Structure formats: C-alpha cells, structure tokens
Amino acid sequence: MSQPEEYNLMEASKLQSLTEKLDRAIDSLSQTRNFAKVAKIQPLFDIVRRVLQQEGGCAVVEERAQRLEEAGIFAGSDWAQPHILIPTLSTFSLKSPEPNTVVIEALSELRLLAVAMGDYIHPTMSREQAHHFLTQVLAINLELLFGVAGEAEREQQGKLAGIPRALFRHLAERIGYEHVIDQLIEEIWRILQQRPIQVDSVKQMITQIAICQSNPDIDLGASGQGADRLISSLYGPTQACREDPGVAVYLERLEGMDSGALQYEATGFARAMHDTGLVSPYHAVLLRYLLNHGDHLLAEGMGLSSTGRDCLLCYADLVRALIDEAIHPETAQGIFGLAQLLERGILYQPPLAPALWRQLALPLSAYSNERLALAFGPSPSARAWLLQGVLCMLGQPLGVGQGNNPTCQSARALSMWAYNDPDYLLQMVVWAARDDEIIIHFEGQPISSRDSLSGVATEIPLDLDPVSMLVVPHLDRIYAEMGRRCIGRPGDPHRWVNPEFHGWWSGRGFRINVDVETGKLDQLDDFLRHFYASYHPYYNGNQPLIHPQPAGIAVTDSAARFIGWHAITILRVSLDPREVMRVYFFNPNNDSGQNWGDGITVSTAGEGERFGESSLPFEQFASRLYIFHFDPLESGELAIIPAEELSEVNARISRSWGVDRLPANELQASPGTT
Amino acid sequence: MSKSDAQNYNPEKGYVALLGWSLNAVEAADRFDRRYVVVAPDWAQPYCDEHDIPYVPWNFERLNDRSLEIAQTLKEMGVDISIPLFEETVEWAGAINSVLLDNPRLFGQAMLLRDKALMKRRAQLGGIRVGIFEEAHDKEDVVRFLKRVNQTLLKLDGDPNDPIHLKAFDKAGCLGHRVIRTPDEVDTIPDEEFPVLMESHLDGWEFAVEAWIHNGKIKFLNISEYVTLGYSVFVPATPELEKYRPEITRQIEKLIKTFDIEFGFIHPEYFVTSDGEMYFGEVAYRPPGFKVFELLEQAYGFNAYHGMILAFDPKTTEQEIDAFFPKEVVDAKGHAGCFGVYPRRRVVSHLQIPAETEDHEYFESHELAAPVEETVTKRTAFGTHWGLVYFFGKDPHILRDLLKHQEDLDFYV
C-alpha cells in the first residue's frame, strides 16, 4: 500500500471512530432530562469540534443535524431560535477564539443546510428561509471561502481556524456557488450606498467574485450578472483599460490620446466612481496624467458639478498639490474623497485651505510613520496615505467607521468634526501625527492623551482609516480620562463629557431616561415630550436641527433584546419622500443597516438618506433613544404629543430594551399581559 | 419542562428521598421508575421550582433536636427510604431511615460510617486488618505518632522516615489529606484542622470498591483501579488486580457483616500489599467522587444511580435487582477512566488540551474550564482538581499507561 493511501485510510478510520463517539454523545444528551442538559452539553460540543476538524466532518454533522438539535444542543441559546439569527453575526462567532462559539455557529449553519436541502423539516424555519439565510452567511464570509487564513486569524484561533473554512467549502458545494454570488452582489451594493471610507473588504469581495467568474470549474449559471459594474469599476472602468492591462500599459495608452479621447476616459472614470463609490487604480493614473492638462479635464475626471468645479477653480494650486501628493494607484480611493470635499464647498471656509497646505508639508513623527506603514504598506508613503485619509474624511464625514473596536465615541467625534468643524479636525490630525499628543480641555483643566494611560480599547486598532488610526487612540484615552474625572458625580457622566469632548455646539442641556443607580426607566413621558419639543419640527416651531448633536441609543437585536449602549449623532429631522417625519443620524459602526427588532429596521438608502446617513421614523427612533442633548436656553416647554403616539413609543420601549427596566410602580399599574 | 418530560413512576415501587444536591443523581432519578424527592439546602429551591423538580428544603448541619422534624416530614409524605449523596448527609440518612424503617440501629450504623476512627476500631473488632492508626488532638500527638511508627519499623536515627497520613475524621476522600514525613512538616498543619486521624503508610496497591447491597448480599461489585491516587482511576480494573476479586469479595462480605449492612451502597478503600494481604482503609456509605458512576455507565451501560435507588428501595425485589446489574468484568464493553487535571505551572492563562491527548483514540471528552485567575494557588493538601478528562478503550494496560502519562502534560499554559 502506498503511503498516501495508508494515510487516507487512517484518517477515514479516525473519522469513523469519532463519528461513533459523536453518535454516543448525541444519544447521551437526548436521554438526559431537559433540566440537566446544560450541564452535559460540553462533551458533545467537544466531539462535534473534533469531527468538524476532520476531512468530511461537515457532512457527518449535517447528516445528524436534526438529531443534534432534538437532543437539545442549542437549548437555552440564541441558536435555538434560528429565525432570529442574523447572518452578519456569524462572522464574529466563526472567528471567535472560543471553541464553543465556533462550534455552535458551525453546527447551526449545518443544521440550516439540512433544512435547506429538505432533509430536515424544521418547526420554525422553512426551506426557503434557511436557504436565504445560508446564502447571506456565505456572501458575508466569502473571504473565508476563497481567501487564505490571515495572521490574525491564526494567532487568535489556532487550529480552530480550519473549521469555518471547511464549513464554507461544504456549504458552497451543497448550496451551489451561483446562489452565493447574487446575494453577495446585492450586499455589496447595499454597503456601497452608505459610501464608507474603508472599502477594503468590499474590494476583496468584488475580487472574489471576479475570481469565481473566471474559474472554469465554478458554474455560476445565470448569476453574477450584476457584478459587472462592480468589477469593472475597480479593474477596467473605461475602454482603454477594459481588459485590465496594468498601470504602465495604461499610462502609455494615455500618452497617445488626444483631448477628445482623454475627455472620454475622464467621463468614464467619473461615472464609475460616482456610481459605486469605488475608485479604480487606473483612475489615479489618469488624474495624475491630467495634472499637466487644463482644469476642465481635471474637473471632468472627478465628475464635479458646478459647485465642485468652482471650488476647484478657486483653489486650483491647492487641489493640484493634493492630487500630486496624495493620489497614487494605491491610494486611488482618495479621488472620491477629494471630489466630495470639493462638492461640499468647505474649502471656502477661511482656515481650511491654509490648514490643508500645512497638512501637505506636515512632517510625521517616527511613530506615526511606523503605524501607517505597518497598516498600509510602505508605498507610496505614510504621508500620502495620511493625506488620502484626510481627503476621504473631509469628503465623506459620514463614512467614518469604528472598525471592530469599542471606540464609537471617538469615531463619532471625528465624523462630527469632519462634518461640522473641519479645520478643528485638521488641527487634531496635526497634533496626533506630528506630536503624538493631543490635549483637550475638560472644565478648564487640560487633559493630555500622553498622561492618560488607558482608553476604552485595550488594543491598538489596525482596521481603521489612516486618520482614525492615528487620532483615535489619543481621543479614546482622553474620553476615558474625562469619564474618570466624573467619577463620584451623580448620574450619567455623558452629561459633562459629551459637550466638552465634541464641541461647543453640543447642547449643555442633558436628558436621560434611565436612572443610573437602579438601571430602571425614569420619567419616560417627560423625556419623550422633551425630545419631541427639542427635535421634532411639528413641536419645536418648525426649527430644523442646526448642529449635529450627540445622542445615546439603546441598541437591540432582531429579537428586540437589549445589546448595549451606543453613541450616534443626530444630523437632521425632516419629512421623507413619503411625508413621514424621520430622524436622520450617523452611526459610527461599519454597517448601519441594522434590524433592531419589533419591526424597526434602520434604513440607509431609499428614504431620503444622504450618503452615510441612517434613518428611522421619528417615533421608532424615539423608542430606542436614551440620551439626548439640548440647549438649556431654548424654551423647555414639554411637547403635547398625542396620547396615542406617546403610548405607542412607550409600548415599543417596554417591548424591547425596557422590558426589565420598568419602574416598580408602573409594573403594579399594569399587571403582566400573560 | 415539556409535558412529555414529566416523570412516570411505578406506584408499586418505593418513594425515595435524595439527601443533598447532585444534578447527576437528580437527573438519573427523574428518568427512573421510582418516585423521588430532593432534600437539599434552600439555595437549590429556585432551580427545583424552575424545573418542576420535587423538593423539600433542608439545611444539613450537625444533627440536632430538629433532626426528627425532617424524618417526620418525609414519613408523612409517604417516603420509604432516604439515600445519602454526600459524606455530610450519611448520618442524616441513618437518622431518617431509622424513623422511616422503624429501626434505631441504622442510626448507630451511620455514625460508625461517618467517623474514620470509630470505623477503624469497628473494622478491627470484626477481624479486618487495618494499619496502625491513632487520633491526634494537637501537633505533639502527631510528632509522637510519627516517631513511634518509625521505631516500630526498626528505623535508626537518620534513616529516612516512613511517612504517616493525616485525614479529617469526617470528610470525604482526599479532602484534608496530608502526608507527613518529618517533625518539621508538622508545623505546617493549621491548628483548626485538629482533631485528625493518623495512619501509618502502607506500601501497596491502593484500590477502591463499589458494592451494591440488597438483603445483605452483594449484587454488583466493582473494583476501581487507581493509577495515581488523587489523579486517575479506571474501571473495570486490570486483570492483575481483578485476580484478587475472590479475596476482595470475601473482604467485602466481612465488612457487610461487621457493619451490619442490609441494603444500600458502600464504597470502601483497601491496600493490597505485595504478599497479597488486604488492609482496610476506610468505607463510605455514599457515591464515590471522581465520577466513578459515570465511568461505570460508560463501561457497562447501566446507570449507577438507578442501581443505588434499587439497592436502597425496600420494595425492590430480588429478581428486579438481579436483572438490573450486568455480570462484572465480562459484560463490560471496554475500560473507562478519568484523569483529574491540576495546573502544573504557577501562572496560567488558558486551557489547552495537549494535542497528543486529544488525538488519542481513547480520548472521550473533558470537563475542564478556562482559568478564572492567572495565578495558581499552591497545593497544600491533596486539594481539588480543576476538572476531569475522560478516556475509554478496550485495553486496560494502554488506558492505565495513558492515564499515567497525562501527569506529565500541561493542560493549563
């Protein structure tokens, strides 16, 4: 017998013996009375993990999915109710360093696979639902299907990392690759409509699709049609680079073009960029080439409207210098930032042009250089990366994301400054990048980011845009220090921290509907009436919101259960195209289209949102709000809201995050509905 | 709990009370055909209420004037017998059963089984061989005993001493167990541990027995082989130990007679010396630690708690219990063992099952949890392990060596 055969036989017998153990463990759990299952579940988790780590293990577990579920392996966990599961969360579970979390998620997917294949008639999940769910999970985790394991993954998960990969291979083979792709394309468009600054993961997914399409072994059938625009916007938006010839060849071709042809190229790139929010590296080649041509072609190449073009003409030298320094094939995404920056007209604010000149010449500290090079690579240069980041943040203030870090406060502050006080943001960038120190005053006392040792985040984040990467660690420490200085004060520290941290325009008036001591709801009706009086145009004298205001949200999951407190910015309140009063807000997390349960789904496009805005009808928003700021000098008369609307909002609160927070006397007033 | 999960019990059979809270015991009772009730401290109440587990609150402290109260309560409920699950409830079972069965002798018997010094005296009176033992009330007693034992062994000054063992009178298994070799070590014993029982060290092979007794007869006798005391055990034993089974059976019969045990379950420990002589260590009237019941279930397929309920229930018939138990050793599907993990390093940060353990064909499962604290407290006595690792396989020698080998591995790094 040859050695590989012998090895295969050995592996097969190992799977065989593990399968027997698995069957015994399933039987043992299913015989156990319900009340003792939780204590007996660990051995089953263990054996499932070991089976999944074997070649062919996924199929073994899929075959036993129904028995596993009926034995009670999901009992008491979210996975017991597959209809409330959210595909996006699967990524976090599957990348967890905790074996049980990885195993239960993988098990759940294999169970849904059995349901989707019609092998398992599930009480709460239909075949179609299961199928739909799995395609979403596959789409979101496509990098696990096609990509190679990253260093971080290995470091965090070790041998566990093999499980999600084997799982996705198995899922894709059973479901069919063609289903994955269409779902994925839809998902990518939904994310792109929010115009995030960070598009690396989106680019990665598009690249995966392109690879799939060109692989003759993968039959995509009729699917994947909608991917053309996405793929071409990255790899060949125009006629002259359609076949992805490489930047050197493309530059040669440009050199042979007359102005008519250049104009054609410029329009093509601009259209692709504004369609998708993605910028092709070829676009950077063109724009640099156009530096030697007239402003007209440059404006055309960025797809500028009359506002943007005016701005470009007024500050032609500055814009050219910015392009020259910041725009390279690697940093092409900065073109979109620059175009949006010009469209916003913020260059007309007196400090901004000189501040950008300063940015252009800014020497970076050794530490900043090192951080940027570590995250983005040495080419073109740390300075170019930072400048590109600055352009993007100023152009897409609502595209800021916190990455996978608990720093929503700092991300919100950066976004707010970029939106409302851009030269202040540029000042912060200078201090952080050049001096490695930011000082913000709190009630007259300076707080240096150097003296405050620990922030909210325990690790230095790497999954951020260049500006956030340098500035957030400083802001995070200062924010935490401000919190520490409020220790001992009654109530919630955000009352003092928010205005001092974000800026003078954050209202000094502060309202919270949770009693910090007890965690119970507090003066709910007054809170809501005050919120309506401050923000709702029908109750505040039709006054549109002037400055963005920090606010706090009780985030709930799709089953309307409380998850945590989250910082957002209220941007505006107005009627949507269907004449519904909506709150438009900024959410610093990376994908704002969230399902908060009880029929509340945050919309990110199609309800009058601008790029990066989230929105909810006013009363739905009010039902998740727990902190807002107001100007104490404005008349504080509480709004007379129709009783019906007030009780509707109240009901939404008590059905979701307020369920365990009802004050005792209210409980007595309304005995349980059961 | 769903309706279908409600217990179906046989009204012809006995009604048993479980003394103490053990989830495994309750779970087993719940799916057995005897009506049951859990008697446990009031912290068990929310759990029992939530899961519809029949429950009577009782705080087992020292026996006192109110002891009769719980016996009366159970009697009024129609309970036939009480079953102790922990060392601390053995005397309670004796007191309660003496009322339920109207047999005052049961209480005295329980007291014998609860006190290690009394137990040894009784064994000695019954003609059972025990080592040298004595009670110690302070440190001086310990030093004197250590010297006397070593004089008896004809040791000269300067010869290394044979160690002596110190055990609490009334604690289960290894709790409070210390080994003392020199007078200096006596100083490390905290005063509050006194009084203790002192025993001479026996060089030999230590093993334990689990025996289910009905009408004064052994219905099932298991020999548990220790690989290393406090670390690992497996069942059934190797043929080398099983060859003593006839002699061991005679010893257990002697024990049953000496302690006048009519029914129930005993868990004695013995030494067998190189010349084949058996020395009695101690006996407990409750389930053994180290999850031997779970090992038995894996090796033979019967639930040891069910066996215990049968052995205690006065309404159990001879045929019923004979049909329940398999034939020792020959009916076993294999050998099941477990290993108690102690962290070997002073500072640990996470749990990591060694690859060679996990990849071994015999490896079944583990119940280790991630460490809560990074620093490991130093072990003074035999201490408590951090969790068990289970193995199962056909060959007892492979299993034994595998269990021994685990001692050299790091599970916490």
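Tabulated results
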{"read-out": "Theoretical ellipticity at 222 nm over chain B - DSSP helices of four or more residues, -39500 (n - 2.57) apiece, nearest 500", "value": "-9000 deg cm²/dmol"}
{"read-out": "In the range A:538-613, the GluC sites (Glu not before Pro) that fall in loop regions by DSSP, at most 15 other Cβ within 10 Å", "value": "A:Glu579"}
{"read-out": "Debye, to nearest 20: dipole size of chain B, +1 on Lys, Arg Cβ, -1 on Asp, Glu Cβ", "value": "860 debye"}
{"read-out": "Solvent-accessible area buried by pairing B with A, both sides, nearest 100 square angstrom, 1.4 angstrom probe", "value": "1800 Å²"}
{"read-out": "Inter-chain Cβ neighbour average for residues B:12-24, partner chain, 10 Å", "value": "1"}
{"read-out": "Mean accessible surface per residue for the range A:461-539, computed with a 1.4 Å probe while every protein chain stays in place, in Å²", "value": "38 Å²"}
{"read-out": "Peptide ranges A:496-507, A:511-522 listed from the most packed, as the mean C-beta count within 10 angstrom indicates", "value": "A:496-507, A:511-522"}
{"read-out": "Inter-chain shielding of A:29-38 (mean C-beta neighbours from other protein chains, 10 Å cut-off)", "value": "5"}
{"read-out": "Karplus 3J(HN,Hα) series, Hz, for the range A:605-613 with 6.51 cos²θ - 1.76 cosθ + 1.60 (x for Gly, Pro)", "value": "7, x, 10, x, 6, 7, 3, x, 7"}
{"read-out": "Two-site FRET efficiency, A:Glu243 against A:Gln523, from Cβ-Cβ distance with R₀ of 51 Å, rounded to 0.05", "value": "0.20"}
{"read-out": "Estimated D of chain B in µm² per second, where Rh is the Kirkwood radius over Cα pairs and Stokes-Einstein applies at 20 °C, 1.002 mPa s", "value": "94 µm²/s"}
{"read-out": "Reduced Cα scattering model of the range A:236-346, Debye log10 I(q)/I(0), q = 0.22, 0.24 Å⁻¹", "value": "-1.24, -1.49"}
{"read-out": "Karplus (6.51, -1.76, 1.60) ³J(HN,Hα), θ = phi - 60°, over the range B:197-203, in Hz, Gly and Pro reported as x", "value": "9, 10, 9, 6, 7, 10, 7"}
{"read-out": "Prolate/oblate/rounded label for the range A:598-670 (Cα gyration tensor, a/c 1.5)", "value": "oblate"}
{"read-out": "FRET efficiency, B:Gln72 to B:Glu262 (Cβ-Cβ, R0 25 Å, nearest 0.05)", "value": "0.60"}
{"read-out": "The range B:3-113 - charge dipole about Cα centre, Lys and Arg +1 at Cβ, Asp and Glu -1, debye rounded to 20", "value": "320 debye"}
{"read-out": "Partner chain coverage, peptide A:102-112 - average Cβ within 10 angstrom", "value": "0"}
{"read-out": "Modelled FRET efficiency - R0 60 Å, B:Asn59 with A:Leu9, Cβ distances, 0.05 increments", "value": "0.50"}
{"read-out": "Charge dipole (chain A, unit charges on Cβ, about Cα centre) - positive-most of A:Leu171, A:Leu230, A:Val249", "value": "A:Leu171"}
{"read-out": "Alpha-carbon Debye profile of the range B:1-86, log10 I(q)/I(0) at 0.15, 0.26 Å⁻¹", "value": "-0.54, -1.50"}
{"read-out": "C-alpha center-to-center spacing [the range A:58-129, the range B:254-299] in angstrom", "value": "45 Å"}
{"read-out": "Amide H contacts of B:Arg34 (H built 1.01 Å from N, under 5 Å, at least 5 apart or other chain)", "value": "B:Asn10"}
{"read-out": "Within the accessible area of the range A:3-175 (1.4 Å probe), percent carbon and sulfur", "value": "53 percent"}
{"read-out": "HN-Hα J in Hz across the range B:270-277 - Karplus 6.51, -1.76, 1.60, θ = phi - 60°, x for Gly and Pro", "value": "9, 10, 10, 7, 4, 8, x, 7"}
{"read-out": "Estimated inter-spin distance, B:Arg345 and A:Trp565, nm [label 7 Å along Cα→Cβ]", "value": "3.8 nm"}
{"read-out": "Residues with amide H under 5 Å from that of B:Val56, placed H, sequence gap 5 or more", "value": "B:Val38, B:Val39, B:Ala40"}
{"read-out": "Charge dipole of the protein assembly as shown about the Cα centre (unit charges at C-beta), most positive-ward option of B:Phe312, B:Ala237, A:Ile563", "value": "B:Phe312"}
{"read-out": "Label point at A:Asp310 placed 7 Å out along Cα→Cβ; residues across the range A:328-365 whose backbone nitrogen lies under 16 Å", "value": "A:341-350"}
{"read-out": "Residues of type aspartates and glutamates that A:Lys203 reaches as a straight line, Cα spacing below 19 Å, ignoring anything fewer than 8 places off in the same chain", "value": "A:Glu143, A:Asp182, A:Glu186, A:Glu187, A:Asp228, A:Glu243, A:Asp244, A:Asp275, A:Glu330, A:Asp463, A:Asp465, A:Asp591"}
{"read-out": "Distance cut-off 49 Å, percentage of C-alpha pairs in the protein assembly as shown lying past it", "value": "44 percent"}
{"read-out": "Zone residues, the range A:341-371, relative to A:Asp317, backbone N less than 12 Å from point 7 Å out along Cα-to-Cβ", "value": "A:354, A:357"}
{"read-out": "Relative contact order %, chain A, counting alpha carbon pairs below 8 Å whose residues are six or more apart", "value": "8 percent"}
{"read-out": "Interchain or long-range residues, amide H under 5 Å from A:Ile438's placed H", "value": "A:Ser449, A:Arg450"}
{"read-out": "Positions from the range B:29-44 whose accessible area shrinks by 50 Å² or more when the full protein complex is built, not the chain alone, probe 1.4 Å", "value": "B:Arg31"}
{"read-out": "Listed residue pairs exceeding 29 Å between alpha carbons, taken from A:Lys37/A:Lys520; B:Lys243/B:Lys333; A:Lys40/A:Lys159", "value": "A:Lys37/A:Lys520"}
{"read-out": "Pairwise label distance in nanometres, A:Gln225 with B:Glu135, each label 7 Å out on the Cα-Cβ vector", "value": "9.4 nm"}
{"read-out": "Simple spin-label estimate for A:Asn292 and B:His360 in nanometres, 7 Å along Cα-Cβ", "value": "7.4 nm"}
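The values are calculated or read from the model by the stated rules, or taken from the named source; none is laboratory data. Not measured: the values here are computed from a predicted model. Neighbour counts run over all protein chains shown; Cβ positions are idealised from the backbone, glycine included. Accessible surface is based on the protein model in full, side chains and every heavy atom, while ligands, DNA and RNA are left aside. Shrake-Rupley method; radii C 1.70, N 1.55, O 1.52, S 1.80 Å.
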